[in-house]
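See below for the structure under consideration.
The values are calculated or read from the model by the stated rules, or taken from the named source; none is laboratory data. Keep in mind the model is a prediction, meaning the values are calculated, not measured. Backbone-built Cβ (ideal geometry, glycine too); neighbour counts: all protein chains shown. Side chains are part of the model used for accessible areas, which takes the heavy atoms of the whole protein and leaves out ligands, DNA and RNA. Shrake-Rupley method; radii C 1.70, N 1.55, O 1.52, S 1.80 Å.
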Amino acid sequence: MKHRTWPSRSGVSRFSSLPFPNMINSDVSTKNSTSKTLSKASSVSAPSGSSSRDADFSALPYDILAKIAASFTLPNLQAASLVCRSWSEALKPLREAMRLLSWGKRFKHGKRCVRPNIDKALDSFLKAAARGSALAMVDAGLIYWQMGEKEKAIVLYQRAAELGDPAGQCNLGISYLQAEPPKTKEALKWLYKASIGGNARAQYQLGLCLHRGHKVNCNIREAAKWYLKAAEGGYVRAMYNISLCYSSGEGLAHNHQLARKWMKRAADHGHSKAQFEHGLSLFSEGDSMKAVVYLELATRAGERAAARVKNVVLQRLSLPSRDHAMHLADRWRALPSC
């Protein structure tokens, strides 16, 4: 798979926007919102002997409770349901939504002896979304987007975004960037909210927008800040970009050690251009064996220039060393990423 974060060296800017990537499912942690909810609940719990009305959480309108819990994962939802009987009853539709969401994922990915069936997956996600699950809204939106029904997808992303779900906010922001014409102002608003919420993909996309300066003031320092947050959150393309920032001194002070660290990390997570550039770095340092491994991986991923360099390096290795390098490449597995 080719990664197009890095344009041709003849380009004016060293960074470029990516094509709209395939969205992936991402369950977003909402532990902070859960703890806040539970702490609020405990702070208003009536002491022994107080009136039942003071401790009756059923007085809290369901739509407010649903907004609070819409983005909860199953463990958080179960914890909130234990606050009191009224909350347990009020959150029953969301617990049902979680079961439907689980079935939807099974149908989508073919898990637990269930054959993949995208129609059944969509049906399960929509039923879960109707019960208030923001996570299901995002999953249903993903399927609609992949089916080319982008308007339906955007409606679902917007519902999830307004409920505070970072993945929904991120997908909505990217959808606005892909609109004709792009709705840049709205896109940046939602990307920023998702970034503040800890969504690494949104942090990377926000960094790209700020770095490119397309219909927004270019701010390389701010872009580098979001690249770094996204990289620390496990987003591979951000790892590559932050390495370039450290290497070139764009947005951050030049630091060869950190540039090398992030380039290697991106390479180990499967970024083909990072594999190529890290291979070149290893070769320049005299480590031909490791250089061949990374250059071979980049070649297999479609980096043509890597193949030419690899062939040159191979000529300097003995036959046993060549075979060992190819064996290491065959056994290599990318590290998991977000």
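Residues in region 70-100 that are within 20 Å of A161 (Cα to Cα) and among the β-branched types (V, I, T): T73 only. Scanning region 227-286 for residues that are in contact with a Cys (Cβ under 7 Å, 6 or more places away or on another chain) and aromatic (F, W, Y) turns up Y227, Y235. Considering region 255-282, the residues that are in contact with a Gly (Cβ under 9 Å, 6 or more places away or on another chain) and part of a loop (DSSP other than H, G, I, E, B) include one that is least open to solvent (accessible area, probe 1.4 Å), namely H269. Scan region 164-173 and give yes if some residue there is at pLDDT below 95, closer than 23 Å to Q203 by Cβ and small (G, A, S), otherwise no. Looking through region 164-173, at least one residue is at pLDDT below 95, closer than 23 Å to Q203 by Cβ and small (G, A, S). Being part of a helix (DSSP H, G or I), among the hydroxyl-bearing types (S, T, Y) and surrounded by fewer than 24 Cβ atoms within 10 Å (Cβ to Cβ) is a description that applies to Y176.
With the condition kept exactly as written, say whether any residue in region 134-153 is basic (K, R), open to solvent by 10 Å² or more (accessible area, probe 1.4 Å) and over 23 Å from A69 (Cβ atoms). So far as region 134-153 goes, yes, one or more of its residues are basic (K, R), open to solvent by 10 Å² or more (accessible area, probe 1.4 Å) and over 23 Å from A69 (Cβ atoms). Restricting attention to region 123-151, the residues that are part of a helix (DSSP H, G or I) and touching a Leu at 6+ places or on another chain (Cβ under 8 Å) add up to 15.
Taking region 283-338, which residues are among the aliphatic types (A, V, I, L, M) and part of a loop (DSSP other than H, G, I, E, B)? Residues satisfying the conditions are A301, L317, A334, L335. Of all residue pairs spaced 6 or more apart or on separate chains, those with beta-carbon atoms under 9 Å, a first member in region 118-141 that is free of Cβ contacts under 8 Å to residues at least 40 places away in the same chain and a second member that is open to solvent by 10 Å² or more (accessible area, probe 1.4 Å) and not in a helix (DSSP H, G or I) are I118/M147; K120/V114; L122/M147; M137/L163; G141/M23.
The conditions of being surrounded by 21 or more Cβ atoms within 10 Å (Cβ to Cβ), small (G, A, S), within 26 Å of L210 (Cα to Cα) and modelled with pLDDT of 95 or more are met by A160. The listed residues are R99, R85, and the only one of them that is closer than 19 Å to A134 by Cα and open to solvent by 90 Å² or more (accessible area, probe 1.4 Å) turns out to be R99.
Of the listed requirements (1) under 19 Å from E232 (Cα atoms); (2) surrounded by fewer than 16 Cβ atoms within 10 Å (Cβ to Cβ), G302 misses just one: (1).
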